[in-house]
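Read the figures in this text as sums done on the coordinates, not as results from a lab. Just so it is clear, the model here is predicted, and its values are computed rather than measured. Here the Cβ positions follow ideal geometry from the backbone for every residue, glycine too, while neighbour counts run over all protein chains shown.
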Amino acid sequence: MLKSTVAPMLLTLHTKTKSNNFLTLKAATFCSTFPQNPPTVRRNASTNTLTIETLETPSYKLPPASAYVHLPFCRKRCHYCDFPIVALGSTSTETADDDPRISNYIHLLIREIEATQKTQIDQHPPLETVFFGGGTPSLVPPKLVAKVLETLRSKFGLSLDAEISMEMDPGTFDDKKLRDLIGLGVNRVSLGVQAFQEELLKVCGRAHGVQEVHEAIEIIGSCGVRNWSLDLISSLPNQTQEMWEETLRLTIEAQPNHVSVYDLQVEKDTKFGSLYTPGEFPLPSDTQSAKFYRMASRKLGEANYNHYEVSSYSKSGFECKHNYTYWINKPFYAFGLGSASYINGTRYSRPKKLKDYTNYVKNLEDGLIDCSQVDDEVNEGEMAMDIVMLSLRTSKGLEFKSFIEDFGSEIAVELCKVYEPYMKSGHVLFLDDQRREITEDEFSTLVLDDEKLENEIGFIRLSDPDGFLLSNELISLAFGVIDP
Amino acid sequence: MATNLKLFLSSQPPPHGNHHRCAGATILNHHHLPIPLSNRTFYSLQAFGSSTNNYSRSRRRRFRVCSKAIDVQSKDASDLEATALAGRDRLLKVPTDKIRNFSIIAHIDHGKSTLADKLLQVTGTVQSRDMKEQFLDNMDLERERGITIKLQAARMRFAYEGEPYCLNLIDTPGHVDFSYEVSRSLAACEGALLVVDASQGVEAQTLANVYLALENNLEVIPVLNKIDLPGAEPNRVVQEIEEIIGLDCSNAIYCSAKEGIGINEILNAIVQRIPPPSDSAGRPLRALIFDSYYDAYRGVIVYFRVIDGSVKKGDRILFMASGKDYFADEIGVLSPNQQQVDELYAGEVGYISASIRSVADARVGDTITNYSRKAEQSLPGYKEATPMVFCGLFPIDADQFPDLRDALEKLQLNDAALKFEPETSSAMGFGFRCGFLGLLHMEIVQERLEREYNLSLITTAPSVVYRVHCVNGETVECSNPSALPEQGKRKSIEEPMVKIEMLTPKDYIGSLMELSQDRRGEFKGMKFITENRAALTYEMPLAEMVGDFFDQLKSRSKGYASMEYSFIEYKESDLIKLDVLINGDGVEPLSTIVHKDKAYSVGRALTQKLKELIPRQMFKVPIQACIGTKVIASESLSAIRKDVLAKCYGGDISRKKKLLKKQAAGKKRMKAIGKVDVPQEAFMAVLKLEKEVL
């Protein structure tokens, strides 16, 4: 499945070799915007419109077709969270409608979008994906979300079948709110469930209980949202194997077509950071959390979810298009507090504090900042590291041929050799152009002849779950090859 | 004639105004000034009360000779004048009987630096304002010069009963690795201040150095420091000094260097109690070198004390031990920065710059004499630097081999005790076998190579020089386990033995005997020096002592015991080579030569430590210790289960990338042994810990 739907999205990136094989945007997709005609919720696994070959521009220098919008409001901070958020306190969802903190922020956000320079002034392609992340974006009143979408649409254009995702937390939306959002064009929901056990939700400091989780799942179903993700965290304090099994079972029963499973990461400046040490009680041991990971991979796989990225699973055709732009090193806009954009090969992170962000927007308006500055000297090594680290997170893996074209065969061959022992240990898979796995015997012949290696290998990927589990270790080995 | 001359000003221009050292530019001619008893030369101690109060810095600071001129930019006119006068006058000559040479003996943190600062300040040698600058400059210098910045000297001027005196403070280093250097700087003095923290009491480092001082017939003045602190118990500490060291403390001085209490008394006591140098200016020159360092612009700068005769600028001088001769381009005193003078006489302390290329040509302890009027005998006490500890240094990156050689050559310019020769190893490639005075010396050199020369190194376990008698009658000297002739070819192995003397309060006798026994020591004798203190004598293999013996001695005796050792002989011993296998591959740098009886415990300790130090790999890794092919200890490293599987939220990959880069950089610091990445720390730490567990 991945080959049919995702492969065409993958880019080839060019920094030095000029080849005829660039993926750029098809002229036909430069469609104008339809502001008075918001798109309806629809499946977004439809044919991909991003991929048609033309010449010249490396794809990371194309105008972005994706936008991340950060809506930082939460009722309270969860105990594991170190994202830039604004905690509103126990304000109920009703009164949040006219909370000046939200409306002021949205105003600022809109100013940022408007002040952002388009990379191609004359012919900007419409956005294909928008992702409202947070924070808890579902706390923002739909009428304000409408303003943001409106601004994006008039600024960049919004494709008719654009994927518009929103992160939502149980207990922060009802039937009406979700319908309103759908009416605005939101067609994908990412539901932050995290766990199905009251005690675990409590330990995490979540602002909802299990009851709200079930209600939220029901609301999503009743509103007819087919494209939704259920997001989980594994390796929580005191989480047992039984709990995790139950969580996976209930997740599968809820029938989302996408599941994200994040392995808990204890961050320094969080409540968890002050209470717990990774791998030590009450957190599960490394062995235990590796078990959780394997269990998720197995159970979700049995339920027909593809493990298409280290922490993402989906039914066929329901990969998160927006997140996929990250894994294939495509450019994207980002707006809002602490958000990170990737334009013209330049990664830029906005300030994480509201005051600094306010100043940033002002400076942007005054023309003092250009986060899409064309950097003629995009560092090749850095680019290669980005590509390796991002693509190896996916089940598709690293496209070997285009990696050779972009960074030369020397590094590519060296990479194969560094991975040879890990191929034998089952952590790394080498695939040919038809995605057939190259056996150990075949590989040991190939490795003797650099040219054969270059010709025969089509993809390098990490195995699921063993390779994925040790992705840092394996990717940092590749870093050592790129930057010796 | 010479004695007469001394009464007059040096013909070299004294420093002036903003520049202490302004060779010849602005000259105030003092030729016609009479004996240095001008009124302005003196100021009462009270006059410095204000600056004393301002001075409340408690940070540790040392005065080191600084080759740069220090700007004196005082806004206060009277301060400026006083400093200028002091700066000028302290170069004035005084009769030999008005010279006092002394050092300060103190345990670390007992306030030596603060006291030295205070003495300089009260005598007007340095103003509090300049001290900051000096502090910073010298800390930088210390970093640059590492171990060779171990001795400093300062010339001060002090009036006692209306007479001007010249006081020379000579500082000493404090680690047993450098006990030879300490003995030489003490040999350059007639007296010493024994500074003891009034709440801490006497400690090991102090003891070792006090005994060196007493051996050198120095007049020791006990000073109890920090008496202003609430925990001070001067009476108890006085008793302790009397009991432990056997020093008469009836006239011990109570002081607080920080608060400026008792400084005057100390200065008076220096004049009253420390004998002046003998007036032997008429004899042929003999000057004792107590420190030297390499200056990139001027060559080696030699610090010395004139014992006999005199030396003047332009003299052709001869270093009696190295046999090298040079012309003295520059002669000066340290006050505390270098200030040029024309001539120095018996009893005086100063420096010479003579375009000397390497410190090995002007070693500490060597005697300087006049080339055309040679002394008959050099001064006693000179010793060649004998490396006691050897180890291999290998660059992690083979390309750095030439850089390592250059770096070692440069370090050697400044460190005569450092020896090295090329070595190759199958596992480690090209490197050097290096000899050091001790473990601290080794660590300092390694750190300097890494930090200053940007090299990544692997250090092998330290070893001594073994003498191997082969079956074919040959005798091979071997300091490297991997170069040990094969088992079948060896007839016997001899190892160097040392005699070790420990001085300890009686409470720790048992514990130290146990330590010595554990280290294959042979008991030779014990005697009580006082009711509470004993001297223990053991004979023990040097190999057992090179590691952490000194640290163990200190920790087992709560810091009160001190020790010294000397080589006695080579002696046959039942030694074997212990190898380490990681994942089945032999790791030569981890091989050690151990006594047969200890092989099992060392093997166990090694494998356990390696298990701790080697990061888990993606597969299970066995770690084994072997004698020949026989495995005597084994551990296994379990495979890593999982990494931190952070998400890249909102496409923000920067954090994740940083983490991965760090991880990649970590791998670079490791040495691949077969399939296993072994961090450098494993090589380094194992060599220490192996001793610890014994």
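Other protein chain C-beta atoms within 10 Å of residue C-beta, averaged over B:671-678: 1. From the square roots a ≥ b ≥ c of the eigenvalues of the alpha-carbon gyration tensor of region B:572-638, which class results: rounded (a/c under 1.5), prolate (a/b over b/c), or oblate? Prolate. The local environment of A:R249, defined by Cβ-Cβ distances under 14 Å, has a net charge of -3 under the rule Lys, Arg +1 and Asp, Glu -1. Each Lys and Arg contributes +1 and each Asp and Glu -1, all at the Cβ; summed about the Cα centre of region A:392-482, the dipole is approximately 400 debye.
Of the peptides B:495-501, B:418-424, A:323-329, the order by per-residue mean of other Cβ atoms within 10 Å, starting with the highest, comes out as A:323-329, B:495-501, B:418-424. Shielding of peptide B:658-664 by partners, expressed as the average count of other chain Cβ atoms within 10 Å per residue Cβ, is 6. Along each principal axis, taking the top coordinate minus the bottom one, the Cα set of region A:392-482 gives 31, 26, 21 Å in descending order.
Peptides B:549-555, A:224-230, A:450-456, B:179-185 ranked from most to least packed by the mean count of surrounding Cβ atoms within 10 Å: B:179-185, A:224-230, B:549-555, A:450-456.
Sort region B:466-554 into rounded, prolate or oblate with this rule: let a ≥ b ≥ c be the square roots of the eigenvalues of the Cα gyration tensor; rounded if a/c is under 1.5, and if a/c is not under 1.5, prolate when a/b is larger than b/c, oblate otherwise. In terms of gyration-tensor shape, prolate.
Charged neighbours of B:G584, selected by a Cβ distance under 13 Å, balance to 0 (K, R count +1; D, E count -1).
Above 21 Å lies some portion of the pair distances; for region B:281-364, what is it as a whole percent of all C-alpha pairs? Above the 21 Å cut-off, region B:281-364 has 16 percent of its Cα pairs.
Distance check, please: which entries in B:K620/B:K667; A:K118/A:K321; A:K352/B:K658; A:K353/A:K396; A:K321/A:K452 exceed 27 angstrom between their Cα atoms? Beyond 27 Å: A:K353/A:K396; A:K321/A:K452. Excluding same-chain neighbours fewer than eight residues apart, the aspartates and glutamates reachable from B:K491 by a Cα-Cα span under 17 Å are B:E474, B:E477, B:E572, B:D574. Working from label points 7 Å from Cα in the Cα-to-Cβ sense, the B:D585 to A:D98 distance is 7.3 nm.
Shape class of region A:261-412 from the alpha-carbon gyration tensor: oblate, with a/c at 1.5 or above and b/c at least as large as a/b.
Across peptide A:300-312, the mean count of Cβ atoms from other chains lying within 10 Å of each residue's own Cβ comes to 1. For B:K630, the aspartates and glutamates whose Cα comes closer than 14 Å to its Cα, not counting residues fewer than 8 places off in the same chain, are B:D579.
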